[in-house]
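First the structure, in the form of structure tokens, and then the observations on it.
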Amino acid sequence: MENALGEVAESRENERIKVLYIDDEVENLRSFKAVFRREFDVEVAESGAQGVTVFETLRPDVVITDQRMPGMTGIELLEAIQKINSAPIRMLLTGYSDISAVIDAINRGQVYRYLTKPWNEGELRNAIHSAFEVYDLRRRNSELLKALERANEQLEFLLRQKLLS
């Protein structure tokens with residue numbers, strides 16, 4: 001797709017969405033992977049620490065984590081990965097309706113969506129697609145802004161050249 005600056009914007013339309021799901025319950029990880037592996041590139045992790053490691057190598061588009069895990073809560077995990085790379089969209093999934101966790105998730109982990117367990121396949125699928133749309137729009141906006149900055153620099157250079165001649 002060509003943008004207004006004559007450059008071709010990178011498209012991810014044919015690429016699969018990369019999703020990282022972190023949960024300490026192995027059965028939840030298996031279920032998630034079984035349901036979504038045909039549609040998304042799915043990676044899973046069994047703990048917050050493992051999730052951070054996988055996050056650093058995978059570079060996912062969307063991160064979904066359980067809130068209540070031993071060693072590191074989902075909110076703490078989302079805070080940690082946000083410091084590494086804030087671009088991926090973050091979602092919190094929990095079986096507990098704890099309003100303080102919701103508030104912390106929004107304020108500390110900058111969570112895009114808060115979902116409850118047991119998850120509904122259609123709702124979760126739609127949430128992942130919506131999250132990726134936001135991710136992709138932010139990425140494209142960033143690329144367009146960089147292209148605009150380059151174009152402005154070139155115009156300034158040409159203007160200086162014209163003024164000097």
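Quick note: the coordinates plus some simple rules give every number you see, no bench work behind them. In this text, all values refer to a predicted model and were calculated from it rather than measured experimentally. When we count neighbours, we look across all protein chains shown, and the Cβ atoms used for this are built from the backbone with ideal geometry, even at glycine.
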Degrees, to the nearest 10: 26-36 long Cα axis against longest axis of the chain: 50 degrees
Helix 121-164 axis, angle to the chain major axis (alpha carbon atoms, nearest 10°): 20 degrees
Dipole-positive endmost among 120, 165, 152 within the chain (Cβ charges, Cα centre): 165
Spatially proximal lysines relative to residue 18 (Cα-Cα < 17 Å; intrachain offsets below 8 disregarded): 33
Helix axis angle, 48-58 relative to the chain longest principal axis, alpha carbon, degrees: 30 degrees
For residue 90, distant residues with modelled amide H under 5 Å away: 63, 112
Residues 78, 145, sorted so that the one with the fewest Cβ neighbours within 10 Å comes first: 145, 78
Cα-centre dipole for the chain with unit charges at Cβ (Lys and Arg positive, Asp and Glu negative), debye to 20: 320 debye
With at most 15 neighbouring Cβ atoms within 10 Å, loop trypsin sites (Lys or Arg not before Pro) (DSSP) excluded, longest segment of the chain: 109-165
Cα-Cα separations in the stretch 102-165 greater than 15 Å, expressed as whole percent: 71 percent
Mean residue ellipticity (222 nm) of the chain, computed from DSSP H runs ≥ 4 via -39,500 (n - 2.57), nearest 500: -17500 deg cm²/dmol
